[in-house]
Amino acid sequence: MSDTNGNRTTMTTRPGGSFIGSRAMPELVYHAPKTLPELMDLIKIHGPAARIVAGCTDVIPSIRTGRWRFDPGLHLVDITKINALNQIETHEDMLKIGAGVTLTRILTSPDVKGFCPVLARAVEQMASLQVRNTATMGGNLCMASPAADTAPPLLVSDATVILQDARGETTVPVADFFTGPGRSVMTPGQMMTHICIPKIKDQDSAAFLKIGTRTAVIISVVSAAVRIGMAGGVCESARIALGSVAPTPVRVTAAEQFLSGKPLDDQVVDACAGMAASAVSPITDLRASAGYRKDVAKTLVKRCLMACRKDLT
Amino acid sequence: MKIPLTFVLNNQETTLMIDPGQTLLEVLRGQGGMTSVHRSCEEGECGACTVLLDDEPVNACLVLAASVQGASVMTSEGLVKDGTPHPLMKAFTDELGIQCGFCTPGMLMNAYALIRKAGDTELTDAVIRKTLEGNLCRCTGYVNIVKSVKTAQKLKMAGEWW
C-alpha cells in the first residue's frame, strides 16, 4: 500500500479476523517495563527500533495515518507501568510530575492547583475526559506539536524537563526544548522522565486561554498563557507564551520586556498584546488563516493580561 | 506473533489471543465479540467506542489492547443483568436520549462512570455536558441525553441500580 506521497506503508491483515480500521497498525512488539533500569535496558537492546510511548492517544492515530514513520520491526515501550514515572511530588518550592502521569491526574491534583494553577486550567480544556484519562503531559511535550496546550503554561512557569539516557540525566528548560514541529532537543535513546515546575509566587498571577473551532475537544487555533508579578503598582516580572502561531510553542520576550516597570493600564496592555502578536509568524492551515491567528493572538494576550490584572488588584 | 491477553471483561476473567498492534477496540469487537463498542472516527474525536478501563472512561480506539493486561474493562454489554436492561438504559429510552443509537453505548459508559462517581451530589446540566463533551451525537439529541442522565441518577438514588 502507498500513501499520498507514494511511500510504501505497512499493511497487515489480522490472522483470525478481517481487517478493520482505516489503516491497520503494523506488526510490532509491545513492552511494558515496570522499572526504569528495565526500560533503559530495552532502549539499549532495541536501539532506534524502540519507541517510547505513554497514553498512545496521539501515537495510534499518528501510526495509522502515516505521520509517524519507522522501519519494520517496531518495538513500542510503554512507560505507564513504571511507578517512578507515575508520581506527582512536591519538593519544597518545586512540583515534579512524572512523564507517565495522566492529564486527568494533573487536573485533579491539589498540588498542581497549588503550585501551578494555570497548568490545571489548560489541561481542563484539552481533548475529552476519555483522552485525558490516558494521555500524559510527557507525551504532549514529546510529540512537540506547536499546538501542545501544556506548553504555554509550562513556558510561563519557567518549567524544566528532565531527560535521561544511558549516560545520565540532563535538565532542559521547556523554553529550549522544542526545535520545530514534531521535533525537540531529545536525541535517540533519550527519554523524558519528569517535568519540574517552580511554585508560583504569592505576588504573581497567571492565566491561560485558548481558541478553537469549537469549544470542546479541539486542537487550539491559538493558545496563550501569561504570568505577571506586580510590585508597587508596576510590573516586576512578566512571561508571555503562545501556542499554534509558530513552528513551536514560543515565548515572546520582546513583549515581556516591554512590560517591565510599567503599570498595567489599558494602554500598556493593548501595546503589549500588539507586540506579542507582531513577534510571531503563524501559518495558514485548515484550521485558520495566518491573519486570523495574529488577530486572535493579540486578543488572547490582552485578555490574559487583563485577567492577571484583575486577579492582582 | 500472537500474545495472550488476560483481563477482566465485564466482570469475567477472559483470555484472548491478540496481535500486539491491535487496539482495544479491535480486540473487543473482534475476539471479544462486544459489538456495542462502536468503531467510528478511530482518533478519539467521537467517543462512540468509550469503554471503562479500571472504572474510568477511555476511547477503546486509542488504547493498545496489550496494555490492558490484568486490568478490568467494561462495555455496555456488562450493564445488562440476566437479560434485563440496566436502569441507565431504561432512562435513555424513557427520556428519548436515544435516536439512531450509534453513539448510545459510548454515552452510556461515560454516563455510568459519571453517575457512579457523583454519589449523592445532584448532577447539573453543566457537569453532564462537560463530562460528555467527548461523545458526539449526530442526531443532535443532547438535550434529551442530559435529561436521561439526570433521570438515571434519580433512579439510582431511588435504589433502582446495579
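Just so you know, all these numbers are worked out from the coordinates, no wet-lab data involved. Keep in mind that this is a model prediction, so the values were computed, not measured. Using ideal geometry, Cβ is built from the backbone for each residue, glycine included, and neighbour counts are taken over all protein chains shown.
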Measuring from its Cα centre, the range A:204-312 shows a charge dipole (+1 at each Lys and Arg Cβ, -1 at each Asp and Glu Cβ) which, in debye to the nearest 20, is 320
Residues meeting the amide H criterion for residue A:29 (H placed from the backbone, H to H distance under 5 Å, 5 or more places apart or on another chain) are A:74, A:75, A:76
Dividing the mean separation of Cα pairs under 8 Å (6+ apart) by the residue count of chain B yields a relative contact order in percent of 23
With the range A:167-269 reduced to its Cα atoms and the Debye formula applied, log10 I(q)/I(0) at q = 0.11, 0.12, 0.18, 0.20 1/Å amounts to -0.47, -0.55, -1.06, -1.17
Proxy exposure order for B:112, B:142 (fewest C-beta within 10 Å first) is B:142, B:112
Using the Kirkwood radius over Cα pairs of the range B:87-157, the Stokes-Einstein translational diffusion coefficient at 20 °C and 1.002 mPa s, in µm²/s and rounded to a whole number, is 183
Mean other chain Cβ within 10 Å across A:131-138 is 4
Descending packing, highest mean Cβ count within 10 Å first, for A:148-160, B:46-58 is A:148-160, B:46-58
Using the Kirkwood radius over Cα pairs of the range A:209-313, the Stokes-Einstein translational diffusion coefficient at 37 °C and 0.692 mPa s, in µm²/s and rounded to a whole number, is 239
Put in order of increasing Cβ neighbours within 10 Å, starting from the fewest, A:38, A:169 give A:169, A:38
Looking only at aspartates and glutamates whose Cα falls under 20 Å of residue B:81's and that sit 8 or more positions away or on another chain, we get B:13, B:54, B:55, B:94, B:160
Along the range B:36-42, Karplus-curve 3J(HN,Hα) (6.51, -1.76, 1.60; θ = phi - 60°) to the nearest Hz, with x for Gly and Pro, reads 6, 7, 7, 8, 9, 7, 6
Taking the range B:60-114, the whole-percent share of alpha-carbon pairs separated by over 18 angstrom is 40
With -39,500 (n - 2.57) per DSSP H segment of 4 or more residues and division by the full residue count of the protein assembly as shown, the 222 nm estimate, nearest 500 deg cm²/dmol, is -9000 deg cm²/dmol
Total charge of the residues flanking residue B:148 in space, meaning their Cβ is under 12 Å from its Cβ, with Lys and Arg +1 and Asp and Glu -1, is +2
Per the C-alpha gyration tensor (a ≥ b ≥ c, the square roots of its eigenvalues), chain B is rounded if a/c is under 1.5, else prolate if a/b beats b/c, else oblate; here it's prolate
Answer in debye to the nearest 20: the dipole magnitude of chain A about its Cα centre, from +1 Lys/Arg and -1 Asp/Glu charges placed on Cβ, is 800
Flagged as over-length at 32 Å C-alpha distance, from A:298/B:150; A:201/B:117; A:34/A:201; B:2/B:150; A:81/B:130; A:199/A:310, the pairs are A:298/B:150; A:201/B:117; A:34/A:201; B:2/B:150
Here D for chain A, in µm²/s, from Stokes-Einstein with a Kirkwood Rh over Cα pairs at 10 °C and 1.306 mPa s, works out to 77
Output field shielding_mean for B:59-72 (other chain Cβ, 10 Å radius) holds 5
Applied in sequence order to the range A:111-117, the curve 6.51 cos²θ - 1.76 cosθ + 1.60 (Karplus, θ = phi - 60°) yields integer Hz couplings, x standing for Gly and Pro, of 5, 5, 4, x, 8, 8, x
Taking every residue of B:20-31, the Cβ atoms of other protein chains inside 10 Å of its Cβ average out to 5
Contact order relative to length for the range A:70-166, counting C-alpha pairs under 8 Å separated by 6 or more residues, stands in percent at 22
Ordering B:104-111, A:243-250 by per-residue average of other C-beta atoms within 10 angstrom, highest first, gives B:104-111, A:243-250
Fewest-first ordering of A:227, A:309, A:121, A:69 by Cβ atoms within 10 Å yields A:69, A:121, A:309, A:227
Among the range A:286-313, those whose backbone N falls under 18 Å of a label point 7 Å along Cα→Cβ from residue A:236 are A:308-313
At R0 = 25 Å the Cβ-Cβ FRET efficiency linking residue A:267 and residue A:113, nearest 0.05, sits at 0.15
Relative contact order as a percentage, chain A, C-alpha pairs under 8 Å and 6+ apart, gives 14
Phi angles of the range A:276-284, converted by Karplus (6.51 cos²θ - 1.76 cosθ + 1.60, θ = phi - 60°) into ³J(HN,Hα) in whole Hz with x for Gly and Pro, give 4, 5, 6, 7, 10, 10, x, 10, 8
In terms of the charge dipole of the range A:29-158, which places +1 on Lys and Arg and -1 on Asp and Glu at the beta carbon, the residue among A:36, A:144, A:108 farthest towards the positive end is A:144
So the FRET efficiency between residue B:84 and residue B:124, C-beta based with R0 = 41 Å and rounded to 0.05, is 0.90
For the range A:16-95, using Cα atoms only, the Rg and Dmax in Å read 15.6, 55
